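All remarks here apply to the structure that follows.
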Amino acid sequence: MGGWQPLPEELPAEVRHFVEHLRLLKEGTGLSLVALGARTAYSKSSWQRYLNAVQPPPRQAVAALCRVAGLTGADAERHTVRWELAVQAWPRPANAPQPPPGAGEYEDDPTLPWWESPEPEPERAPRPHGRLLPAAVALLVVLLLVAVVGAVVLG
């Protein structure tokens with residue numbers, strides 16, 4: 001596995017096993033990290049962090065790599081199981097945000113690991129009604145014209 005950084009000795013076995021399999025899977029695609037990033041929507045630098053065990057990948061990144069590698073069904077599921085075991089054992093950085101007391105680690109979404117805090121939905125600006133007023137005025141004008149024409153014809 002060519003240019004990978006050696007994995008830290010203190011890395012838990014589950015994490016080491018997962019990252020080694022992820023590296024093999026990536027190498028099997030024959031893609032560069034740039035090409036892998038383009039095919040999976042995860043950047044080259046993100047893949048470098050995942051494949052060097054600096055940061056655990058999101059579940060969706062693992063699924064995307066499996067798709068690119070042509071894995072389906074039970075083969076892809078094995079990587080998901082390895083991912084689940086790895087993220088449970090993944091060492092937390094000292095500065096990782098701690099959940100509030102009494103709150104579960106995965107309170108909002110049990111499928112999200114500790115490093116993936118759900119991002120709030122961006123607030124949408126109120127939809128401008130600038131197009132609604134001209135449309136209402138045009139409709140009113142058409143209805144008035146129909147009424148006038150009807151009155152003249154019936155008149």
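Conditions first: (1) of a type outside the set (S, T, N, Q); (2) open to solvent by less than 30 Å² (accessible area, probe 1.4 Å); (3) not in a helix (DSSP H, G or I). Residue 87 passes all but one, so which condition is the exception?
Answer for residue 87: the failing condition is (3).
What pairs can you find where one residue is in segment 22-43 and free of Cβ contacts under 8 Å to residues at least 24 places away in the same chain, the other is open to solvent by less than 50 Å² (accessible area, probe 1.4 Å) and of a type in the set (S, T, N, Q), and their Cβ atoms are less than 9 Å apart, with a gap of 6+ or different chains?
35/29; 37/46
Going by the conditions given, is residue 38 among the aliphatic types (A, V, I, L, M) and touching a Cys at 6+ places or on another chain (Cβ under 9 Å)? Don't jump to the end; show me each part of the working.
Working: among the aliphatic types (A, V, I, L, M): yes; touching a Cys at 6+ places or on another chain (Cβ under 9 Å): no.
Considered against the rule, which asks whether it is among the aliphatic types (A, V, I, L, M) and touching a Cys at 6+ places or on another chain (Cβ under 9 Å), residue 38 comes out as no.
Filter segment 3-25 for residues that are surrounded by fewer than 12 Cβ atoms within 10 Å (Cβ to Cβ) and part of a helix (DSSP H, G or I) and give the result. Give the derivation first.
Pass one, segment 3-25, residues surrounded by fewer than 12 Cβ atoms within 10 Å (Cβ to Cβ): 3, 5-6, 9-10, 13, 24.
Within segment 3-25, 13, 24 qualify.
Any chance segment 62-81 includes a residue that's within 11 Å of residue 15 (Cα to Cα) and open to solvent by less than 70 Å² (accessible area, probe 1.4 Å)?
First pass over segment 62-81, keeping only residues within 11 Å of residue 15 (Cα to Cα): none.
Looking for residues that are within 11 Å of residue 15 (Cα to Cα) and open to solvent by less than 70 Å² (accessible area, probe 1.4 Å), one finds none in segment 62-81, hence no.
Give the number of residues within segment 26-50 that are under 18 Å from residue 83 (Cβ atoms), aliphatic (A, V, I, L, M), open to solvent by 20 Å² or more (accessible area, probe 1.4 Å) and not in a loop (DSSP other than H, G, I, E, B).
The qualifying residues number 0.
The values are calculated or read from the model by the stated rules, or taken from the named source; none is laboratory data. The shown structure was predicted, so the numbers you read here are calculated from the model rather than taken from an experiment. For neighbour counting, all protein chains shown are included, and Cβ atoms are generated from backbone atoms with ideal geometry for every residue, glycine included. Just so you know, the surface numbers come from the protein's heavy atoms only, side chains and all, with ligands and any DNA or RNA stripped out. Shrake-Rupley method; radii C 1.70, N 1.55, O 1.52, S 1.80 Å.
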